[in-house]
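Accompanying notes for the structure given below.
Each value in this text was obtained by applying a stated rule to the coordinates, not by laboratory testing. Since the model is a prediction, treat every value here as computed from it, not as a measurement. Note: ideal-geometry Cβ built from the backbone for every residue, glycine included; neighbour counts use all protein chains shown.
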Amino acid sequence: MTSKSLKRWQDLCQVAAHRGVQLLLGFSTPLVDPRHWDGLWVNHPATGAGIALSSALNLQSAIWVLAHELGHEFTCDPSLPAAKAHITNEENQKRWGQGRVRERDEEQANLWAAQELITPDEWRQVEKMFPASLQDMARFLELPVAAALWRARAEQQQRPAGLVGTVSLDTKAQVMLSKPIKGEGGHQNLLRRIQLGQKGKVLRLQREDFDRMREYLVKTRGGYCARYRAIMECALEAIHAAGGPLAFFRPSR
Amino acid sequence: MDVTPQEDKDSLSELDWQRLRSLAPATTVDAQRKMRLENLVSSVIQDMTKPRSNRSDDDQ
């Protein structure tokens, strides 16, 4: 347990206490394998708000799940019926780590959690250090990759549209980017958009497309990954030379 | 790529949880209310971890 993790933990517990949310930490219940659930937020007139964390969690997951469940407390629509419950399990944790959510409540809780855990200054610092890798950011922050991914999503929502950076592509990236794109889907759409910004070895890369590539590199294996990596390596060089992504991506002229 | 450091992959031990509980501010909640919450949480977890078709409330 590092001091960074323990500080995050203490801060979240303070937030819960201040809000009057009871915490059941390292909770287990008969008949249910603690590995089958991670966290639960409930709010009921008879008990008030409470959060339970499964005894099967590791420290990083415990911090992220506590932040997520607190996110429900702060973002849940108060006009909904008074008795509410949201459960987190391994399956939806995995989806969140890939940026996929099925319910708006879960998305809101993830956005709240990521912003509560990672301050704007901390995010600017870590993104400058590891602009192309959400995994490296998460490792540095001592949080699950979902926390970095949702912090990046929160940032995207607040950023003006139309930011662009100019990347000088090496031969490998030019070859990779000129490969034919077959079929329809998220990868194909992204690569076609990136191709539109290419003129020879110069690529005008949209910030949104850079962010999308960075997410895809977390959850994708195979051929598309090689193309993203080739582009990312060139982008990374330009981003470092500019002094970080904030300085590199500028409003389009 | 797995971002969890090797040493942090295992579940927290009961000793770890005790340490983490000790870092949370003490609450003034009465024992009865806490027990009601524990019972509610147990029942919700048991219900929500059932196969979907067996749940008492499928909206959750």
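What the table below lists for this structure:
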read-out: Net dipole in debye of region A:3-158 [+1 Lys, Arg Cβ; -1 Asp, Glu Cβ; about Cα centre; nearest 20]; value: 180 debye
read-out: Nearby lysines by direct alpha-carbon distance to B:Lys34 (threshold 28 angstrom, same-chain neighbours under 8 apart not counted); value: A:Lys7, A:Lys84, B:Lys50
read-out: Chain A, Rg to Rh (Cα coordinates; Rh as Kirkwood inverse mean 1/r); value: 1.03
read-out: FRET efficiency, B:Lys50 to A:Arg19 (Cβ-Cβ, R0 30 Å, nearest 0.05); value: 0.50
read-out: Helical mean residue ellipticity (222 nm; -39500 (n - 2.57) per DSSP H run of 4+; nearest 500) of the protein assembly as shown; value: -17000 deg cm²/dmol
read-out: Total charge dipole magnitude, the protein assembly as shown, about the Cα centre, Cβ charges on Lys, Arg, Asp, Glu only, Debye to nearest 20; value: 1440 debye
read-out: Sequence-distant lysines (8 or more away, or on other chains) whose Cα lies within less than 29 Å of A:Lys172; value: A:Lys128, A:Lys182, A:Lys199, A:Lys201, A:Lys219
read-out: Positive dipole terminus of region A:163-251, leading residue within A:Tyr228, A:Gln206, A:Gln195 (C-beta point charges); value: A:Gln195
read-out: Length-normalised contact order for chain A - Cα pairs under 8 Å, 6+ apart - percent; value: 17 percent
read-out: Cβ-placed point charges (K, R +1; D, E -1), dipole of region A:136-253 about Cα centre in debye, nearest 20; value: 380 debye
read-out: Other protein chain Cβ atoms within 10 Å, averaged over every residue that makes up A:58-66; value: 4
read-out: Partner chain coverage, peptide A:129-135 - average Cβ within 10 angstrom; value: 1
read-out: Charge dipole of region A:3-158 about the Cα centre (unit charges at C-beta), most positive-ward option of A:Gly48, A:Ser3, A:Ala146; value: A:Ser3
read-out: Distribution of pairwise C-alpha distances over region A:163-251, 10 Å bins, in %; value: 17, 56, 25, 2
